[in-house]
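All remarks here apply to the structure that follows.
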Amino acid sequence: MNSDARLLLRGGIVLTMDENLGDHERGDVLIEDGRIIEVGQDLTTDAQVLDCAGKIVLPGFVNSHHHMFQTALRSYWADALDLDYFMQSRAGADALFHQYTPEDVYWGQFGGALQNLAAGTTTVVDTSQCSYTPEHTDAALEAIRRSGIRCVFSFSPSFGDHEPDPSYAHPDDIHRLIENAGPADDGTLVRVALGYHVDEDLFELARDLGLPMFAHVNDTSWGYVLEQFEKEGLLGPWVTYIHCLGLEEAAWRAIERTGGKVSVSTCAEQSLAMGEPALQAALRHGISTSFGTDTVGIAPVDFFSQMRAAFHWQRSRIRAAIQSNSAEVQPISVREILRIATLGGAEGAHLDHLVGSLTPGKRADVIALNARALNAAPVNHAPGAVVQHMDTSNVDTVIVDGRIVKRDGRLLGVDVEEVMQQLERSAAGLVTRSRATDILFTGCRQQ
C-alpha cells in the first residue's frame, strides 16, 4: 500500500494514548497521505478498510536505545555480566565488534529493523557504535532506509582498542550525514543525531547544530559535571540520558531542571547485573521516561518483554521500600507502562510531535494486536491485556507513516529466510575472525 492511499482501521479497541481523545471500546482510525486524519466511531469514507474487530489498535512502540548492528550476535552474551560483555565486545584486537565489515553492519541493521517492525516497534533510536569508516556508516543507513522503519540514527564513536580509520573521526562526519540526508519534513523516516557519553565538545556541537543528543550516563560521578554543563547552557530538552544507573541526586536534579529525557533498558541492565534500573528514580523526579532494549546479544528486543520486566521490577520496589523503611513507592499502572512504551518513547526519541499517540495530524505509525487469541481473550482490561499477557505472536498489523509493513502476521515484501541466512553467515564470520569459536553456543562464561 502507498502512503498516499486512504486507509480506515475499523471496529477495534482503540487506545489512543492521547489524554484528550481517550480510548474507544469500539472505534475507527482514518489515515490519509501517511497522516492520522480522524479517530472516532462509525466513520464513513471512501477508503481501503481493514477490519480490526477483535484487535487492539494503538500507536507503534518506540525503542529509545538500541544497537541494531549487533543483530547477528543474538543471545551471544546470554550468560554475561557487564565486564564479560564489555571486554569481549570491545577490548583487544580480537574483540567481536572490531571484526565488523560494512556488509556485517548492513545485515545487522536490516535484520534488526525487521525484527523491531515484526514485533510492533515502529520507531528505533539506533545507537551506532560501529562507524569505523564512512562505508560502515553508509551501510547502516542504507539498511535502515531499505527496511522502512522510522529511525533516529544516533551517530556514535566506535569504542575499544580498535581505532577507526584515522581520516574518519567522530563526530566530524555528522556534517556529511546531515548534508546527505537533506532537509527533513514530517514524512522523513530517518533522521540523524549525536551520541556518546558526557563530553563537553559533543554536547556543544549537538546544541549548535540543533540535533538530539543521546548520552550514556552511569555511576555517581556525573552530578557535578551535569551541573557545570547546565551552567554553560549545554543541557536542555534535546538530550536523552541512557541507563542513568547509580546517578546521584544532583545529576537527577540537573536533568529534571533542564527538561532532559531518560531511557531505561530494564531487561539488559538486569541481565548484565549493571545496577538498579533508573525507572523509579526517573518517575520520582517526574522526568519523561522511555524504554530501550540495548543489544539483542544480551536481552530481547520485543516491547512485550520490556514492558513486563519494567512493570514487575517497579512493583517489587513497593515491598523493598517497606522492608527498608525508605520512601513510599507508588505502584505504576499498566496504562502508565504502555504510555512509556509509546508516547514516552516518542518523547525520548524527540519525535513526540510526529508519533507516539493516535492524535489527528500526527504521522500514522499504528499497530493492531490480535486479541482473539488464547493468551489475550477475553479482553477485560485492554492495557492489561497488552502489557501482561500478549507477546509478538499477537502483532497482526504494523503501519509506518501510513504504509502497511506487516499484515495478517506477516512482513510484506521481505524474504525473511534470506535475511536469516545472511545473519547466520555474518555471525560465523565475526566469531571466526575474533578467534572466539570456543565460546560460541556454549556461553561466554565457562564453568
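The values are calculated or read from the model by the stated rules, or taken from the named source; none is laboratory data. Keep in mind the model is a prediction, meaning the values are calculated, not measured. Heads up, the Cβs are rebuilt from the backbone with ideal geometry, glycines too, and the neighbour counts pull from every protein chain shown. Side chains are part of the model used for accessible areas, which takes the heavy atoms of the whole protein and leaves out ligands, DNA and RNA. Shrake-Rupley method; radii C 1.70, N 1.55, O 1.52, S 1.80 Å.
Could you tell me the center-to-center distance, by alpha carbons, between the stretch 58-127 and the stretch 379-413 in angstrom?
Centre-to-centre distance over Cα atoms comes out at 22 Å.
Springs between alpha-carbon pairs under 10 angstrom, Gaussian network model over the chain: which of ALA327, ALA254, ALA181 fluctuates most?
Evaluated over the chain, the most mobile residue of the options is ALA327.
Which residue, chosen from CYS130, ILE144, GLN115, occupies the Cα position most advanced towards the positive end of the dipole of the stretch 100-148, where the dipole is computed from +1 (Lys, Arg) and -1 (Asp, Glu) charges on Cβ about the Cα centre?
Toward the positive end, the furthest listed residue is GLN115.
For the ranges 415-422, 186-193, 148-155, what's the packing order if you count other beta-carbon atoms within 10 Å of each residue, average per peptide, and put the highest first? Please list the in-between numbers first.
Numbers: 415-422: 12.8, 186-193: 17.5, 148-155: 26.2.
Put in order of decreasing packing, that is 148-155, 186-193, 415-422.
Using a Cα-Cα cut-off of under 20 Å, which lysines could be cross-linked to LYS55, ignoring same-chain neighbours fewer than 8 residues away?
LYS406
Let me check something: with ligands and nucleic acids excluded, how do THR44, THR133 order by accessible area (1.4 Å probe), largest to smallest?
Details: THR44 130, THR133 30 Å².
Per-residue accessible area, sorted high to low, gives THR44, THR133.
Just the number, please: percent antiparallel of the DSSP beta bridges in the chain, rounded to the nearest 5.
Numbers: 27 of 63 bridges.
Looking only at bridges with both residues in the chain, the antiparallel portion is about 45 percent.
Over the alpha-carbon set of the stretch 309-447, divide Rg by the Kirkwood Rh and report the Rg/Rh ratio to two decimals.
Working: Rg = 20.7 Å, Rh = 19.1 Å.
In the stretch 309-447, Rg relative to Rh is 1.08.
With each label point set 7 Å from Cα along the Cα-Cβ vector, what nm distance links LYS231 and HIS197?
According to this spin-label approximation, the distance is 2.2 nm.
Can you tell me the relative contact order of the chain? Whole percent, Cα pairs under 8 Å, sequence separation 6 or more. Can you show the working numbers first?
Values: 986 pairs, mean separation 97.0, N = 447.
Computed value for the chain: 22 percent relative contact order.
Under a point-charge model restricted to the Cβ atoms of Lys and Arg (+1) and Asp and Glu (-1), what is the dipole moment magnitude of the chain relative to its Cα centre, in debye to the nearest 20?
Numbers: 35 positive and 60 negative charges, 270 e Å.
Approximately 1300 debye in magnitude.
With the chain treated as a Gaussian network of Cα nodes joined by springs under 10 Å, which of SER357, SER333, SER288 yields the largest mean-square fluctuation?
Between SER357, SER333, SER288, it is SER333 that shows the largest mean-square fluctuation.
Apply the Karplus curve 6.51 cos²θ - 1.76 cosθ + 1.60, θ = phi - 60°, to the phi angles in the stretch 242-256 and return the couplings in whole Hz, x for Gly and Pro.
Values per residue, Gly and Pro as x: 9, 6, 6, 7, x, 5, 7, 4, 4, 5, 4, 5, 5, 5, 5 Hz.
PRE reach from ASP51 (point 7 Å along Cα→Cβ): which of the stretch 384-414 fall under 16 Å by backbone N?
Once the point is set 7 Å along Cα→Cβ of ASP51, 397, 408-409 turn out to lie under 16 Å by backbone N, inside the stretch 384-414.
Under a Cβ-Cβ cut-off of 14 Å, what is the net charge of the residues other than GLU328 that fall near it, where Lys and Arg count +1 and Asp and Glu count -1? It would help to have the intermediate numbers written out before the result.
Working: positive: ARG284, ARG315, ARG317, ARG319; negative: none.
Net of charged neighbours comes to +4.
For the pair GLN388 and GLU276, what calculated FRET efficiency results from E = 1/(1 + (r/R0)^6), where r is the Cβ-Cβ distance and R0 = 30 Å, to the nearest 0.05? It would help to have the intermediate numbers written out before the result.
Values: r = 23 Å, r/R0 = 0.76.
Efficiency, from the Cβ-Cβ distance: 0.85.
Note the full-extension length gain between HIS285 and ALA5 as 0.36 nm times their separation in residues minus their Cα-Cα distance, in nm to one decimal.
On the way: separation 280, 0.36 × 280 = 100.80 nm, distance 4.31 nm.
Length gained, HIS285 through ALA5: 96.5 nm.
Would you calculate the convex hull of the Cα atoms in the chain and tell me its volume per residue in Å³? Display every interim value, and only then the final one.
Details: hull volume 66.0 nm³, N = 447.
Cα-based convex hull of the chain, divided per residue, equals 148 Å³.
List every residue whose amide H lies under 5 Å from the amide H of ARG35, counting only residues 5 or more places away in sequence or on a different chain, with H placed 1.01 Å from N in the peptide plane.
ALA364
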